[in-house]
1. Which residue out of THR146, THR141, THR150 is free of Cβ contacts under 8 Å to residues at least 12 places away in the same chain and not aliphatic (A, V, I, L, M)?
2. For GLY115, are the conditions met, namely being assigned to a helix (DSSP H, G or I), over 14 Å from ARG21 (Cα atoms) and open to solvent by less than 10 Å² (accessible area, probe 1.4 Å)?
3. Going by what's in this entry, would HIS125 be described as surrounded by 18 or more Cβ atoms within 10 Å (Cβ to Cβ), touching a helix residue (DSSP H, G or I) at 6+ places or on another chain (Cβ under 9 Å) and modelled with pLDDT of 95 or more?
4. Sort through LYS77, LYS94 and tell me the only one that's under 25 Å from ILE16 (Cβ atoms), open to solvent by 80 Å² or more (accessible area, probe 1.4 Å), part of a helix (DSSP H, G or I) and basic (Lys, Arg).
5. Restrict the check to the stretch 83-91 and report whether at least one residue is without any contact (Cβ under 8 Å) to a residue 40 or more places away in the chain and under 20 Å from GLY158 (Cβ atoms).
Amino acid sequence: MDVRYPIGTFRVNGEITASQRQIWIREIEDTPAKLAATVAGLSPELLDTPYRKGGWTVRQVVHHMADSHMNAYIRFKLALTEDQPVIKPYLEQKWAELPDSRTGEIGTSLALMEGIHQRWVTMLHSMSDDDFKRTFYHPETEQAVTLDYTTGMYAWHGNHHIAHIASLRNRLGI
């Protein structure tokens, strides 16, 4: 197993169907509880342990997930209210090095994840098929990205980082 990608990379095979989208929405809905369960009982020392050599600490991963999913939620709102808005990329690695990510209590980000995901899932359930075809423009990739694709990407993203923490726990026998 590649510890960088314990569940593999995100791929979409063929057209995204409504049933596939519903699976992804359920995964997004479940992410906060799965994350909280995965970090439950970890000591401060373990929270400050990198999930892999050269990787972020568990604490940084938790804070990154909140940062990333906040940005995703905002990108959805922009794409639903504007015609192919240009989104603002952010420097994930630099955000992860800021003091709130390096030393902040994870409970804050766990609470953010819970709140963001409740709002996001409410929005996702209210969206039409046409809404999921709406796009935003990502200036780094120079591509228009559909909300359908983004839904799958963030379902994967949550599972990806939860697997990072779970695989560390497994390797340490905890």
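The values are calculated or read from the model by the stated rules, or taken from the named source; none is laboratory data. Quantities reported herein were computed from a predicted structural model and do not represent experimental measurements. Backbone-built Cβ (ideal geometry, glycine too); neighbour counts: all protein chains shown. These area figures cover heavy atoms from the full protein model, side chains too; ligands, DNA and RNA do not enter into them. Shrake-Rupley method; radii C 1.70, N 1.55, O 1.52, S 1.80 Å.
1. THR141 is the lone residue from the list that is free of Cβ contacts under 8 Å to residues at least 12 places away in the same chain and not aliphatic (A, V, I, L, M).
2. Numbers: assigned to a helix (DSSP H, G or I): yes; over 14 Å from ARG21 (Cα atoms): yes; open to solvent by less than 10 Å² (accessible area, probe 1.4 Å): no.
So GLY115 does not fit the description; no.
3. no
4. Matching residue, one of LYS77, LYS94: LYS77.
5. Start the filter on the stretch 83-91 by keeping residues that are without any contact (Cβ under 8 Å) to a residue 40 or more places away in the chain, which leaves 83, 88, 90-91.
Cutting the leftovers down to under 20 Å from GLY158 (Cβ atoms) gives us 90.
There is at least one residue in the stretch 83-91 that is without any contact (Cβ under 8 Å) to a residue 40 or more places away in the chain and under 20 Å from GLY158 (Cβ atoms).
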